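Worksheet: one structure, shown below.
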Amino acid sequence: MRTEAVPAAADVVAVAVLHAEEAERRWRPATEVVRAVTAAGFPSHFVPAKHGGTAGTFTALTGAIAEVGAACPATAWCASVTAHLARMAAFLPAEGTREVWAAGPDRLVVGSLIPAGRAEPAPGGWLLTGTWPYVSAVDHSDWALVCGMVSTPEGPRAMVFAVPRAAYSVRDTWSDIGMRATGSHSLVVEGVHVPTHRTMDRDDLLEGRLADASAPCHTVPLRAVNALSFATPAWGAAQGLLALWRELVGRKLDGPTPPPVTARGSYEVVLARASGEIDAAGLLLERAARVADQGGPLSPLLTARNLRDCALAMDHVVAAADRLFRSAGTGAHSVSAPMQRYWRDIHSMASHVVLQFDAAAGTYAREIW
């Protein structure tokens, strides 16, 4: 059993920085980076102790993901989503979890909870078919959790299916302008038999209903932490963007032809406001992580507040990123400048459906009124 600790984020940073440009060109994470993420303990962070994992805390993971995000946003995204997907796999029946982690707790689990598949009853389980887009790090995966609709006497029901790597293919479809290095291609399953012990009701996952949970991280409803997994890499990316901005502007201010005093004042305003927005985002995300570490069940209000906090943190991050990028000057917009990659990646992260503030606000308001 591994002990609870912040994963070795610094080790991942060193490798990710070396391969960032290559990963951008190839539209997928480098193998060396995935190995570093795995060795650092991200995929095993939420794996149950009985399977050799850490069963760790959201607070520890949040700090580590942000550290990686400051150096490589796409790597932080992959580390975060695979850690959280492994937590979801823990909700499978006991025989299913034994199968997923039979070779150890470092199996890379990817997936999608979009109900893009369909499943028909079959002896001992289900026959699953479907195509799931935007599955990050899918090329390097060992297992996938995917969602499909099934028919029951009570009506249609969403179920989650655990599928081993040999049972699905990857379709090269990822072409977004941001988050290129996440390799979020499409996962395809065609008529694969999934035994009952590798299935779960999606509602059990959303509500945090795990019968034999022994760690707080396995009792938290997905509704309370799903947005945290996507907002945290963006918070780290904003910190990295701020560091790049300070370096660039510092060279201007200390150069042989420094800008006029009025320009310096403008830079000071940008620095103070953007850094404050990034700090505010961090405080919101850290509180959300602490709430999750209480374990479940959580009240509907706390669950809704966590979602609101993550969406609001994302709004702060986007505002800071836009402020920094706009004030950096034309040179920062060059395709060879690292700032534009951070800015693109942050905006791609912000487009995720669970980080939209209007929807989060509605969920929160309904718990208040």
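Every number here is computed from the coordinates shown, using simple stated rules; none is lab data. Everything numeric in this text was worked out from a predicted model, so none of it was measured. Note that each Cβ is placed from the backbone with ideal geometry, even for glycine, and that neighbours are counted across all protein chains shown.
Using alpha carbon centroids, what distance separates the stretch 240-301 and the stretch 93-154, in Å?
That distance is 38 Å.
Quick one: what does P(r) look like for the stretch 1-157 with 5 Å bins over all Cα pairs, in whole %?
With 5 Å bins starting at 0, P(r) equals 2, 9, 17, 20, 18, 14, 9, 6, 3, 1, 0.
How big is the Rg/Rh ratio for the stretch 302-369, C-alpha atoms only, Rh by Kirkwood, two decimals? If you can, show how the numbers build up before the last one.
Details: Rg = 15.1 Å, Rh = 13.2 Å.
Rg/Rh for the stretch 302-369 comes to 1.14.
Considering the alpha-carbon set of the stretch 109-207 alone, what are its Rg and its Dmax in angstrom?
Just the Cα atoms of the stretch 109-207 yield Rg and Dmax of 13.5, 44 Å.
Before rounding to the nearest 500, sum -39500 (n - 2.57) across all DSSP H runs of length at least 4 in the chain and divide by the residue total; then give [θ] at 222 nm in deg cm²/dmol.
Values: 11 runs with 191 residues, N = 369.
The per-residue figure over the chain is -17500 deg cm²/dmol.
Over the stretch 176-224, consider all pairs of different Cα atoms and compute the Kirkwood hydrodynamic radius from their mean reciprocal separation; express it in Å, one decimal. Can you show the working numbers first?
Details: mean 1/r = 0.0708 Å⁻¹.
For the stretch 176-224, inverting the mean 1/r across all distinct Cα pairs yields 14.1 Å.
Counting only other residues whose beta carbon sits under 11 Å from that of residue 78, what net charge do I get with K and R as +1, D and E as -1?
Numbers: positive: 28; negative: 139.
My count for the surroundings of residue 78 gives 0.
Please give me the summed charge of the neighbours of residue 138: other residues whose Cβ is under 13 Å from its Cβ, Lys and Arg +1, Asp and Glu -1.
Result for the neighbourhood of residue 138: 0.
Pick from 161, 357, 58 the residue whose mean-square fluctuation is largest in a GNM of the chain, springs joining Cα atoms under 10 Å.
Answer for the Gaussian network model of the chain: 357.
When only C-alpha pairs under 8 Å and at least 6 residues apart count, what is the relative contact order of the stretch 230-347, in percent? Could you put the intermediate results ahead of the total?
Values: 106 pairs, mean separation 49.8, N = 118.
RCO, the stretch 230-347: 42 percent.
Under the rule of at least 5 residues apart or a separate chain, name every residue whose amide H is placed under 5 Å from the amide H of residue 92.
The answer is none.
Any idea what the alpha-carbon Rg over 2.2 N^0.38 Å comes to for the stretch 267-324? Write down the numbers at each step before the final one.
Values: Rg = 13.6 Å, N = 58, 2.2 N^0.38 = 10.3 Å.
Taking the Cα Rg and dividing by 2.2 N^0.38 Å, one obtains 1.32.
Collect residues whose amide H, placed 1.01 Å from N in the peptide plane, falls under 5 Å from the amide H of residue 111; neighbours closer than 5 in sequence don't count.
Close amide H contacts, sequence-distant or interchain: 136, 145.
Note down the relative contact order for the chain as a percent, whole number, built from C-alpha pairs under 8 angstrom at least six residues apart. It would help to have the intermediate numbers written out before the result.
Numbers: 755 pairs, mean separation 62.9, N = 369.
Computed over the chain, the figure is 17 percent.
Based on the Cβ-Cβ distance from residue 157 to residue 330, what FRET efficiency comes out when R0 is 56 Å, to the nearest 0.05? Could you put the intermediate results ahead of the total?
On the way: r = 54 Å, r/R0 = 0.96.
Using R0 = 56 Å, I get an efficiency of 0.55.
Would you mind telling me which residue in 348, 141, 266 has the biggest mean-square fluctuation in a Gaussian network model of the chain, where springs connect alpha carbons within a distance under 10 angstrom?
Result for the chain, Cα springs under 10 Å: 266 fluctuates most.
For the stretch 252-369, compute the orientation-averaged projected area of the C-alpha convex hull (one quarter of its surface), in nm².
Numbers: hull surface 38.3 nm².
Averaged projected hull area, Cα only: 9.6 nm².
Would you mind telling me which residue in 358, 106, 203 has the biggest mean-square fluctuation in a Gaussian network model of the chain, where springs connect alpha carbons within a distance under 10 angstrom?
The residue that fluctuates most here is 358.
All other residues with a Cβ under 12 Å from the Cβ of residue 191 taken together, and with Lys, Arg as +1 and Asp, Glu as -1, what is their net charge? Write out the running numbers ahead of the final one.
Numbers: positive: 118; negative: 120, 190.
Value of the local net charge: -1.
With r as the distance between the Cβ atoms of residue 367 and residue 122 and R0 = 51 Å, compute the FRET efficiency 1/(1 + (r/R0)^6) and round to 0.05.
Working: r = 41 Å, r/R0 = 0.80.
The computed FRET efficiency comes out at 0.80.
What Kirkwood radius, in Å to one decimal, follows from the Cα pairs of the stretch 9-100?
Details: mean 1/r = 0.0740 Å⁻¹.
By the Kirkwood definition, the hydrodynamic radius is 13.5 Å.
Which semi-axis lengths, in whole Å and largest first, follow from the square roots of five times the eigenvalues of the Cα gyration tensor of the chain?
Working: eigenvalues 273, 97, 69 Å².
The three semi-axes for the chain are 37, 22, 19 Å.
Could you sort 283-290, 359-366, 252-259 so that the peptide with the highest average Cβ count within 10 Å comes first and the rest follow in order? Intermediate results must be reported in sequence, preceding the final value.
Values: 283-290: 20.4, 359-366: 15.5, 252-259: 9.8.
So the peptides 283-290, 359-366, 252-259, ranked by packing, come out 283-290, 359-366, 252-259.
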